[in-house]
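Chemist: My questions all concern the structure below.
The values are calculated or read from the model by the stated rules, or taken from the named source; none is laboratory data. It should be emphasised that the depicted structure is a prediction, and the values quoted were computed from it without experimental measurement. Cβ sites come from the backbone with ideal geometry, for glycine too, and all protein chains shown count toward neighbours. Ligands, DNA and RNA are stripped out before the accessible areas are found, and what is left, the full protein with its side chains, is counted by its heavy atoms. Shrake-Rupley method; radii C 1.70, N 1.55, O 1.52, S 1.80 Å.
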Amino acid sequence: MDRSKYLTVSQLTRYLKLKFDRDPYLQTVYLTGELSNFRLRQRHQYFSLKDDKAVIDAVMFESKFRQVKFRPEEGMKLLVVGHVGLYERSGRYQIYIDKMEPDGVGSLYVAFEQLKKKLSAEGLFSRPKKPLPQFPKRIAVVTSLDGAVIRDINTTVRRRYPIAQVVLYPTVVQGEKAAADIACQINRANERGDFDTLIIGRGGGSIEDLWPFNEEVVARAIANSEIPVISSVGHETDTTIADLVADQRAATPTAAAELATPVLTDTLLAIRDSQSRLANAMQNRITFAKKELAKQTQSYIFQQPTRLYENYAQKVDQLTQQLIQLQQNMFVNRRAQLQQLASRLAAGSPRHRIDQQLQLVNQLSRQLKTDAAADLQRRQERVTGLIRQLDALSPLKIMSRGYTYVTKNQRVVNHASQLAVGQAVQLHFSDGQALAEITKIKEQKK
């Protein structure tokens, strides 16, 4: 047999892998299928794609999966791009995926709906909204340094309420790093702790441009903000996760500034009107108080002040008489109680009770001596009887009637079969011992 014709399994697998790697039709493959066997892992993702007739294993490495905006779910229809290769260890072919998106719906829309559903279940959208202060002193703005948002907000604040200070926390509002930077600036404004209102926003754009404001890290930064947050992202028709979590939503940056500030001239007019109404109210109260004072000074209390306490003096006399009568009644009752207690104390004198207890002790002592003597007599009689029984059962008593017992080597011989002719034994009597020799053995038949 020529063994040189045979390949090892690893050689065949390696050959097939080279075929897969060099096939130009497998270098870039566009594939659609249903997601199966998916379980989110810490790093690389392993799952399957299938249709009603076939299934293929799939791998998506960590660096590629981080670029996916939505979270894949079991049974989801997907569009993927990748290359097909052979995994040598298992000998199975699989697709290595570089891009992934939902089939029929954009990946960003799916990611938006998934995060919206998650945060809604946690109650971030339905939590109580913080009210905006009516007269803010300091307003923090988280937006781009060179965009139109900060210019519109500054213009509106200077026009409506110029005494408020606007502080910009510049951030990037587009790109992969924008979400983390926006959340960082929101947290920085809260750490400072002296702002009354916080505005976040950017101008309009595509869903990709506005996507940082749909990230979970931004939503949680807004929800955790101690400062009331106004969200102004995109145009009026755009809705982001930030808009849903914020305490107030504005269609434009100008509208956000108007929500955050009152109109100073209107406020001053309202203050003057309040001052006028307050002055009139105080004047009316003073006039009413003067009339009340004049009325009270003409009353009989001021004209005849002694009448104020006449009734009270009479009531004091009545209460004094009642108090004296109560004290006398209490004294009589206490004396009767004292006499009753003295009688009960005499009846329950300790001397009387001691005498009774001494008589009882003497009686019990005599009874104890009688019972002890009777018990001792009974025990002595019982001991005497037991001695007689023990003496009757004593082996020495039996031997005194002519019985003996035989020992051999200091052991009692119970049966004739334990002896042999010529053997020396010892005979025990009630008054001594004797040595003997066995000359004949006659066993009793059973």
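Chemist: In region 198-220, which residue that is open to solvent by 10 Å² or more (accessible area, probe 1.4 Å) and β-branched (Val, Ile, Thr) is nearest to the chain's Cα centre (by Cα)?
Modeler: It comes out as Val217.
Matching residues to (1) part of a helix (DSSP H, G or I); (2) over 28 Å from Lys137 (Cα atoms); (3) modelled with pLDDT of 85 or more:
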position: Ala256; (1), (2), (3): yes, no, yes
position: Asp266; (1), (2), (3): yes, no, no
position: Leu269; (1), (2), (3): yes, no, no
position: Ser274; (1), (2), (3): yes, no, no
position: Leu278; (1), (2), (3): yes, no, yes
position: Ala281; (1), (2), (3): yes, yes, yes
position: Ile286; (1), (2), (3): yes, yes, yes
position: Ile301; (1), (2), (3): yes, yes, no
position: Arg307; (1), (2), (3): yes, yes, no
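Chemist: Does region 210-224 include one or more residues that are out of contact with any strand residue (DSSP E or B) (no Cβ under 9 Å at 6 or more places or on another chain), at pLDDT 90 or above, part of a loop (DSSP other than H, G, I, E, B) and of a type outside the set (A, V, I, L, M)?
Modeler: yes
Chemist: Just checking, how many residues over region 64-108 are of a type in the set (Val, Ile, Thr), closer than 16 Å to Glu34 by Cβ and either surrounded by 15 or more Cβ atoms within 10 Å (Cβ to Cβ) or at pLDDT 90 or above (or both)?
Modeler: Residues in region 64-108 being of a type in the set (Val, Ile, Thr), closer than 16 Å to Glu34 by Cβ and either surrounded by 15 or more Cβ atoms within 10 Å (Cβ to Cβ) or at pLDDT 90 or above (or both): 3 in total.
So that you can scan it fast, the table gives a plain yes or no per residue for (1) part of a helix (DSSP H, G or I); (2) open to solvent by 100 Å² or more (accessible area, probe 1.4 Å):
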residue	(1), (2)
Arg378	yes, yes
Glu381	yes, yes
Ala420	no, no
Lys440	no, yes
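Chemist: Hey, another quick one. Against the conditions (1) open to solvent by 50 Å² or more (accessible area, probe 1.4 Å); (2) closer than 17 Å to Val245 by Cα, where does Gln134 fall short? Just the number, please.
Modeler: So the condition that Gln134 fails would be (2).
Chemist: Identify the residue in region 221-252 that is touching a residue at least 60 places away in the same chain (Cβ under 8 Å) and open to solvent by 20 Å² or more (accessible area, probe 1.4 Å) and, among all such residues, is nearest to Arg192 (Cα to Cα).
Modeler: Ala223
Chemist: Now a separate question. How many residues are open to solvent by less than 20 Å² (accessible area, probe 1.4 Å) and touching a Pro at 6+ places or on another chain (Cβ under 8 Å) if we restrict to region 174-183?
Modeler: The qualifying residues number 3.
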